[in-house]
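Written below as structure tokens is the structure these notes are about.
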Amino acid sequence: MNKSVAIVSPTNHIGGMTVSGLGWTDSKNGNAIGGIAREFYSRVYQYYKSNSAWTRETRTQYINKNIAAQPGPAIDESQQVQWTFEPHVAESIFEDWMKELNIPIFRNESLVPSADSVTIKDNRITSIKTQSGHVYDALMFMDTSYEGDFMAAAQISYSIGREARSDFDESLAGVLIAAEEGYLGMSPYLTPDDPNSGLIKGIDHIVAAGDVPKVNGTADNYRLQAFNYRLSLTQITDNQVPFSKPDDYDEDLYEILLRYIEAGYHDLFFTKQLMPNLKTDSNSNGGVSTDFLGGNYDPVKKTNYIQESFEARAAIAQSYKTYTQGFFWTLANHPRVPQRFRDSASTWGYAKDEWTSNGNWPYEIYIREARRMQGDYIMKQSDVQTPQTFAYDSIIGLGSYTLDSHEVERVVVDSGIRNEGLVHTPVPQPFPIPFGSIIPRSADAVNFLNPVTMSSTHVAFAAIRMEPTYMIMGQSAATAAVLAIEQCVNIQDIDRTELSNRLAEDKQVLSL
């Protein structure tokens, strides 16, 4: 489209979670993925067509496993796309792609953590300033981070946490204490069955049974759904880094895991979605897993990860790393874990050929949700479950995942442990995403787009917040930015018919 662009990144690595372990593509319909996003998965396919890409198994062996990835077959020969991949492969593809297009990347450039980082005149952003002192001028700006720090610094309206059920008439909104006890046979108390002894770690607070109906559906403006690390694990011993006990191991953190196992819960504890070369994308699985519930918010200060300084965020990310390392070490070594589970866990280790510059650990923690813009249009539960046509707006792409929000906390009701915050509700079909959901209100900014911490409720975001959907919205946002420059108008005033036509021309999927 004959415009220049620059990527200003707070880290040394581009690609987000796609290069930090999330190789199990989150889409329930691969046909909903088009444009540049689909080109990425096509490039993955082309990479793995080469025999040299297969170092631990052959391509045929991998295909013969008949892995049913979420969008379709892991390797879809008919569509020439591949939905599963190793982290280092994704990073190599992104880096090579940027070099092909001569796109400048300014790395390790974090915004000054205050409103002083953004210069604004008449609701128009003119420049941003990073901690290094560098100033970047542009006609259009985009925040493509998981945190939404640029959006906040630009004083664009946003929300954090969960809306009340009544705010947008959403049945899944607000606090959601599970109807059933999820940990039968487990005492939540430090001294089993003694309420006066206090709660074990991993449990937030007590809710009186009579208060559950009153609490459910109420707003919560600081707790976040659990983060975790998406790990690349392997059982190939010569490519393993063994699980090790972290220096600051806190056994009390794993009392809930040990009681969970002792109560007879014999889950798989972590997922083992198979990537090429006998590695995994391992996610949380079961009631106690790699999701560190409560680790991303402070119930005393009533603040969360996203509201903290960069230094405090780094400390929280480190606490997640410590928890995760301790989790795997406990499974493989703790004497209260049955020997058969220890033996099974010990067959796994961290993949030695991933994140070699970062101690074989993912570059980024998985921030499933942070800020959400309050933009020109706020997507809500009904837009996902019973989609409208948005006749008054341009569709910029399709979402294609379930309503999926991980647990936020565990609470005690009648001395039993219940999960709180889980949403996992199927969506009947891919749903349209309107242009208004990635732009702010004109009173906030007229040359800013936000395709990641976009404008939606917590419930709607549960289905939107997936990597291929971010890619789709990113392409559409960039296209709209170019049109605003060419038409000499505010981003809210672009010709939306022209936007739709250009997106269709560029193979963005706008309907199925």
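In segment 447-467, of all residues being part of a helix (DSSP H, G or I) and among the aliphatic types (A, V, I, L, M), the one that is farthest from Val175 (Cα to Cα) corresponds to Ile464. Hey, any hits in segment 476-492 for a residue that's surrounded by fewer than 20 Cβ atoms within 10 Å (Cβ to Cβ) and within 28 Å of Val427 (Cβ to Cβ)? There is at least one residue in segment 476-492 that is surrounded by fewer than 20 Cβ atoms within 10 Å (Cβ to Cβ) and within 28 Å of Val427 (Cβ to Cβ).
Determine whether segment 366-377 contains at least one residue that is among the small types (Gly, Ala, Ser), assigned to a loop (DSSP other than H, G, I, E, B), touching a strand residue (DSSP E or B) at 6+ places or on another chain (Cβ under 6 Å) and modelled with pLDDT of 95 or more. Within segment 366-377, one or more residues are among the small types (Gly, Ala, Ser), assigned to a loop (DSSP other than H, G, I, E, B), touching a strand residue (DSSP E or B) at 6+ places or on another chain (Cβ under 6 Å) and modelled with pLDDT of 95 or more. Return the residues of segment 417-458 that are under 30 Å from Val288 (Cα atoms) and polar (S, T, N, Q); say none if nothing qualifies. Those that are under 30 Å from Val288 (Cα atoms) and polar (S, T, N, Q): Asn419, Thr425, Thr453, Ser456, Thr457. Applying the set (1) surrounded by 18 or more Cβ atoms within 10 Å (Cβ to Cβ); (2) part of a loop (DSSP other than H, G, I, E, B) to Phe328 leaves exactly one unmet item: (2). Restricting attention to segment 9-38, and to residues there that are of a type in the set (A, V, I, L, M) and surrounded by fewer than 21 Cβ atoms within 10 Å (Cβ to Cβ), which single residue is farthest from Phe431 (Cα to Cα)? The qualifying residue farthest from Phe431 (Cα to Cα) is Ile14. Do the conditions hold for Ile14, that is, is it of a type outside the set (Phe, Trp, Tyr), closer than 26 Å to Tyr229 by Cα and under 20 Å from the mean Cα position of the chain (by Cα)? Taking the combined requirement at face value, the residue satisfies it.
Cβ-Cβ contacts under 9 Å between residues 6 or more apart (or on different chains), taken from a first residue in segment 318-347 that is of a type in the set (Phe, Trp, Tyr) to a second residue that is surrounded by fewer than 18 Cβ atoms within 10 Å (Cβ to Cβ) and at pLDDT below 95, are listed as Phe341/His266. Put simply, of Gly436, Gly416, Gly421 the only residue that is at positive phi, small (Gly, Ala, Ser) and touching a residue at least 40 places away in the same chain (Cβ under 8 Å) is Gly421.
Quick one: would you say Thr280 is closer than 17 Å to Trp361 by Cα, modelled with pLDDT of 95 or more and assigned to a strand (DSSP E or B)? Criteria met by Thr280. Of Ala68, Ala74, which residue is exposed (fewer than 14 other Cβ atoms within 10 Å of the Cβ), more than 27 Å from Lys3 (Cα to Cα) and within 28 Å of the chain's Cα centre (by Cα)? Result: Ala68 is the single residue among Ala68, Ala74 that is exposed (fewer than 14 other Cβ atoms within 10 Å of the Cβ), more than 27 Å from Lys3 (Cα to Cα) and within 28 Å of the chain's Cα centre (by Cα). Return a yes/no flag: does segment 189-197 have any residue that is at negative phi and surrounded by 16 or more Cβ atoms within 10 Å (Cβ to Cβ). Scanning segment 189-197 turns up at least one residue that is at negative phi and surrounded by 16 or more Cβ atoms within 10 Å (Cβ to Cβ). Specify the residue that is surrounded by the fewest Cβ atoms within 10 Å (Cβ to Cβ); the eligible residues are those in segment 387-407 that are at pLDDT 95 or above and assigned to a loop (DSSP other than H, G, I, E, B). Within segment 387-407, the match that is surrounded by the fewest Cβ atoms within 10 Å (Cβ to Cβ) is Thr402. Listed conditions (1) part of a helix (DSSP H, G or I); (2) under 21 Å from Glu369 (Cβ atoms) are all met by Ala226, apart from (1). Here Thr60 fulfils each of the conditions (1) under 30 Å from Gln240 (Cα atoms); (2) of a type in the set (S, T, N, Q); (3) in a loop (DSSP other than H, G, I, E, B) apart from (3).
Results for (1) assigned to a helix (DSSP H, G or I); (2) out of contact with any helix residue (DSSP H, G or I) (no Cβ under 9 Å at 6 or more places or on another chain); (3) touching a residue at least 60 places away in the same chain (Cβ under 8 Å); (4) within 30 Å of Ala462 (Cα to Cα), shown as yes or no for each residue.
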| position | (1), (2), (3), (4) |
| --- | --- |
| Asn108 | no, yes, yes, yes |
| Pro113 | no, no, yes, yes |
| Asp116 | yes, no, no, no |
| Ser127 | no, yes, no, no |
| Ser132 | no, yes, no, no |
| Tyr136 | no, yes, yes, no |
| Ser145 | no, no, yes, yes |
| Met151 | yes, yes, yes, yes |
| Gln155 | no, no, yes, yes |
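Residues of segment 34-53 that are among the hydroxyl-bearing types (Ser, Thr, Tyr) and outside any helix (DSSP H, G or I): Ser50 alone.
The values are calculated or read from the model by the stated rules, or taken from the named source; none is laboratory data. Just so it is clear, the model here is predicted, and its values are computed rather than measured. With ideal geometry, Cβ positions are generated from the backbone for all residues, glycine too; neighbour counts draw on all protein chains shown.
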